[in-house]
Amino acid sequence: MLFMSTYMKKLMSLVTLIFLATVLNGCGGSNTTAPVVETPLWCKSPETINTAGDACELVITPCNYPEIANDQGLCVMDIGEWRPGANGINMPAPVYVAAPNEVVYYYQLSSADYTGWGIHAWNNPDCDSYADFDHPEGGTAWGVPILPTGIDPNFGAYWVMNLVDSPTCTNFIPYNFDAGIQTSDLSASFTSQVTNPTGSHTFYVLEGFEDTIYPFPRTFDSLVVPGGATLTCEAPLILNQAGDECITDPSIVPTFVPGESVLYLRGDFNGWIGDATDEALLKANNFNYVAETSTYIMATSLTAGTYGFKVADIDWSAATSFGATAGDENVVIGESKTLTVTDGQNITITVANDGNFQFSFNATDPENPVLTVTEVSLSKVMYVKGSMNGWANVSPMVYEGNNIYTSVYNLTAGDFEFKVADDDWTDATNFGASVSDVVQELDVPKTLVQGRDSAGDPLAQNITLSIPSDGSYRFTLDTTDAAAPILIVSSAIPFGSEVLSLRGSMNGWDGDAAGFKFAYADNHYTLVTTLTPNTDGAGATVAHEFKIAAAPAWDGTVIGAVSGDGDLVLDEARTLTTPGDNITFLVNAETKYKFDIDATDKSAPVLTVSEYIPPFAGRTIYLKGTMNSWTTDDAYILAPTDNIFTLTTTITAGSHEFKIASADWEDDSTIGALSGSTVVTVGQALTVATKVNGGADNLTLEVPTDTLYKFVIDASDQANVTLTVSEVIPFSGRTMYLKGSMNGWSNNDAYVLSYANNTFTLTTTIAAGSHEFKIASADWEDDSTIGALSGSNVVTVGQALTVATKTNGGADNLTLEVAADTMYKFVIDTSDLANITLTVSEAVPFSGRTMYLKGSMNGWSNDAAYVLSYANDTFTLITAISAGSHEFKIASADWEDDSTIGGFTGSTAVTVGTPLAVATKINGGADNLTLEVATDTLYKFVIDASDRANVTLTVSEEVPFAGRDIYLKGTMNGWSTDAAYLFTNVAGTYTLEATLTAGAQEFKIASDGWEDDSTIGAFDGSTVVTVDVPLEVAVKTKGGANNMTFEATAAIYIFTIDATSAGNNSLTISLKP
């Protein structure tokens, strides 16, 4: 019997796939009949299929040490004393244990590098057992840590602290101030039999597992199942046939990455490039890739006719064979078409007359590339190539129509050599200077040459060009005579750096007169100004006379009227010349006019004067959308200044649709998106339009968190209106400091407020005393110095106070009374810049106590398995809740009123997924909360205390692994997504029953698409799974990067993934009984 290795099977599968892909691409598709598959038997966890495979049966999977069953039968980590020899580990003794009236903390880092590490420790009214600090509140200053007493080789750094008689609990935070790393607030309880069963006052904390304080010695190895050091490969790599090297899985079809593949135009006109060894044929039909625009481009000659074609690589690879969607095969010359790789049909093109055609394949969106075919004058893509770009095919010239190609380059002052040629320097399209005339003067046409002389030498010489000053320059190639094209190099800005001004009788011919200078954009110079009638000495109205000239002197560009054609008519385009005669224009009444000079041809600029009509018919325009219920709200008016309309406002998190519109939604003042261009990217200008000009669609904006944005409508060119939305950092973007009596009114980096989402925040310890302070920039600028409004300078802890910049009346110092050294959080809220608020609150909510979920689900007990973890004003717990009607509260161990959270009267029912306003008992949250659970479910409880006056509780169903289905994938099934290997999830416990053959199995557990947050693997050095012994695993984003290995016998196994906690997961493989 012949056996085939996994590698060979995968290789054969790929060969088959390539063969089928080649056949299907050649034929344009095929019809197939799907096989009939018998529906398998599925069982709901914890039931599994019996041995016969015809029924479901209940299998109870026991917990595996070091996990033990809690009161609900769920497996949790045992915090008791380690069982000698368990999992091959004998726990060593620590170097120091607490003596009477001492507490010892051990903190273990995986790196074993404790440089810069210390602890912050403090007393507070609820936890004040340190003997060396003030009572009831006192402790170390943040940034001045207590250094370790010593280092234990097994348990890490340790600290010995003195305790009072009859201690109750202590607070501490291990942290590295210089590195900006800290744990959450930790509290060691001495009175609980769970957390201090022996009364030894010695505690152990491990990096990454800070949610648990162990009362007995624990090491990292004791939290996982140790494994071997066998070679494993990270998917999609697999072991080679010899088993000694990781190689690319040959069954994986790569995705299209622009620039990594060489693409060809393949169709009827070139025999679909049937001969892949014909280098000349390949070269003539391959695309050049332009990285700056993610675009492939090529040109070719076609005779009249209708052709089928595709865009593909040489191997017709599945990921890079692009065609048209069924029913939309025809591409129209001059129009764009989105292509596809999924069942792509042959594209068709009809060419009416023989000609040259340029194919542009834009892969900015690789999954939806866009093809555009344009008729051009030359059969090659043209480039300006020279010393300015390393003689490379950097940026193709743009075909403008009418035989004109252009390129724009930013050049520094200096001398350059160059040619204009196709990518392969083909003789017929390799254009240069004649031997006797190599110099290219700016603004002077030069006829270029191509081809070879009688001796076979190229006629085209390098062109030399001197650039007088840094700037943007346009290269224009006129190919009306394709054998002798004409090149002009000129400043891309028609009149260079000169500022043009209207100079005439309306301003005393003053080139520096305010309000008469032209603005420049896209070859147009524009001016909007008000003119009054001009009168002669007798008081009669006469025409104004003027010219357009560089300011302020007359020695630069001067533009005037063609002789005999100087009388302007309103709205009539008039070609001008240089220097020209005076232009005349009659004004009968004071009127605002718009002067527009089209300088595309700067030797014959065109002036049009029209009565200025303000954008959007001069109406007030508003931001209207989902952020304000599409209302006409004065708070959302865009303020106009010189055709620029601006609004700064806070937008709440979410997906928003909107328009900019007048109060009554008139079509000429309702601004929306052009079709297919609706998405607003923060910081990037988007072309928009009024409804009458095609802007009919809603605009969309994704806002990840509440953010202060600036909306700018630029209507300077009313034919090309743009919208830019950018994030606003208040106070001119300056760094803001807390300055006052607590730090000598200095610019101290330890008192810098961090900025995010309209909020400036600082957490720092303030010493006891009466303090005065301000929030200000380093140099105390008035618009970034924040103080109290007159008569309102007292800060009350926990309450928002309206403040202002000095320019807006906030001139007085703020005051804060601090009874004892306390860590405070200072928050400046600038979401409404007209109503800035300051809130100073204790840094840790609920007096820094440990908070528990207590209720009918756990006997209303202080259970360590139900402790909510704390970070950034948010308390979180992920836990499974059994089916039933539950009542509960969130509370500290001793039910203190300021840290017992309940519902308001009449508002106690928790709706899954919906935030509920709750409060501490002293703030009205006296009632039990209720939760209806239909079936055992894994939930996430989140208490958001970022606004202490408006605390919320959100309970949401927690579906691990981003809610995706997960499968067993490995050598047992060819690493495939196979429905027979789909796990069943019940309340965060995933189970699968699988029949395995004897031998070594290598595998991962992953979603269909191998997403990192749902691909589960083993940690380094711990990859071997032993029957009935849990192995700690994790998704790839949390370190689970390695394949797992398992030595199987021919049997039915039960795979169980425990994902019921916020930490790492565990995998247990058991034999089916």
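Per-residue answers, yes or no, for (1) surrounded by fewer than 20 Cβ atoms within 10 Å (Cβ to Cβ); (2) under 21 Å from Val76 (Cβ atoms):
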| residue | (1), (2) |
| --- | --- |
| Lys1004 | no, no |
| Ile1016 | no, yes |
| Ala1034 | yes, yes |
| Thr1049 | yes, no |
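Return yes when Ser111 is modelled with pLDDT under 95, touching a helix residue (DSSP H, G or I) at 6+ places or on another chain (Cβ under 9 Å) and of a type in the set (Ser, Thr, Tyr) and no when it is not. So Ser111 does not fit the description; no. Restricting attention to the stretch 563-603, the residues being in a loop (DSSP other than H, G, I, E, B) and hydroxyl-bearing (Ser, Thr, Tyr) number 4. Looking across the stretch 598-628, the residues that are farther than 21 Å from Ile644 by Cβ and modelled with pLDDT of 90 or more come down to Asp598, Ala599, Ala604, Pro605, Val606, Leu607, Thr608, Val609, Thr626, Met627, Asn628. Scanning the stretch 1020-1051 for residues that are farther than 22 Å from Ala86 by Cα, outside any helix (DSSP H, G or I) and touching an Asp or Glu at 6+ places or on another chain (Cβ under 6 Å) yields Val1035, Ala1041, Asn1043.
Here Phe359 fulfils each of the conditions (1) more than 35 Å from the chain's Cα centre (by Cα); (2) in a strand (DSSP E or B) apart from (1).
Test Ser187 against the stated conditions and say whether it is among the hydroxyl-bearing types (Ser, Thr, Tyr), in contact with a strand residue (DSSP E or B) (Cβ under 6 Å, 6 or more places away or on another chain) and at pLDDT 85 or above. When the stated conditions are applied, Ser187 passes them.
Among the residues of the stretch 780-817, the ones that are more than 29 Å from Val144 (Cβ to Cβ), outside any strand (DSSP E or B), of a type outside the set (Gly, Ala, Ser) and in contact (Cβ under 8 Å) with a residue 40 or more places away in the chain come to 3 in all.
For the stretch 317-328, a tally of residues being among the hydrophobic types (A, V, I, L, M, F, W, C) and touching a Gly at 6+ places or on another chain (Cβ under 8 Å) returns 2. Checking each residue in the stretch 319-345 for being crowded, with 18+ Cβ neighbours inside 10 Å and in a loop (DSSP other than H, G, I, E, B) picks out Val331, Leu339, Val341, Gly344. When the stretch 100-140 is filtered for residues that are of a type in the set (A, V, I, L, M, F, W, C) and surrounded by 14 or more Cβ atoms within 10 Å (Cβ to Cβ), the ones remaining, listed by number, are Val103, Val104, Leu109, Trp117, Ile119, Ala121, Trp122, Cys127, Ala131, Phe133.
The conditions of being in contact (Cβ under 8 Å) with a residue 12 or more places away in the chain, buried (at least 20 other Cβ atoms within 10 Å of the Cβ) and among the hydroxyl-bearing types (Ser, Thr, Tyr) are not met by Ser675.
Restricted to the stretch 863-894, and to residues there that are under 15 Å from Ala945 (Cα atoms) and of a type in the set (Val, Ile, Thr), the residue that is surrounded by the most Cβ atoms within 10 Å (Cβ to Cβ) is Ile890. Counting only strands (runs of 3 or more DSSP E) that sit completely within the stretch 445-496, those holding 3 or more residues that are surrounded by fewer than 17 Cβ atoms within 10 Å (Cβ to Cβ) correspond to 471-478. Taken as a whole, the stretch 725-739 holds no residue that is acidic (Asp, Glu) and not in a strand (DSSP E or B). Annotation note: of Ser317, Ser379, Ser387, the sole residue that is under 21 Å from Gly259 (Cβ atoms) and of a type in the set (Ser, Thr, Tyr) is Ser317. You will find that of Leu378, Leu339, Leu302, the residue that is under 31 Å from the mean Cα position of the chain (by Cα) and at pLDDT 90 or above is Leu339 and no other.
Given the options Lys517, Lys547, name the one that is surrounded by fewer than 19 Cβ atoms within 10 Å (Cβ to Cβ) and not acidic (Asp, Glu). When all the criteria are applied, what remains is Lys517. Of everything listed in (1) touching a residue at least 12 places away in the same chain (Cβ under 8 Å); (2) in the same structural domain as Met397 (by TED's automatic domain parsing), the single unmet condition for Asp457 is (1). With respect to the conditions (1) without any contact (Cβ under 8 Å) to a residue 40 or more places away in the chain; (2) surrounded by 14 or more Cβ atoms within 10 Å (Cβ to Cβ), Leu738 lacks only one, and its number is (1).
The values are calculated or read from the model by the stated rules, or taken from the named source; none is laboratory data. Note that the structure is predicted; figures quoted are calculated from it, not measured. All Cβ positions, glycine included, derive from the backbone under ideal geometry; neighbour counts span all protein chains shown.
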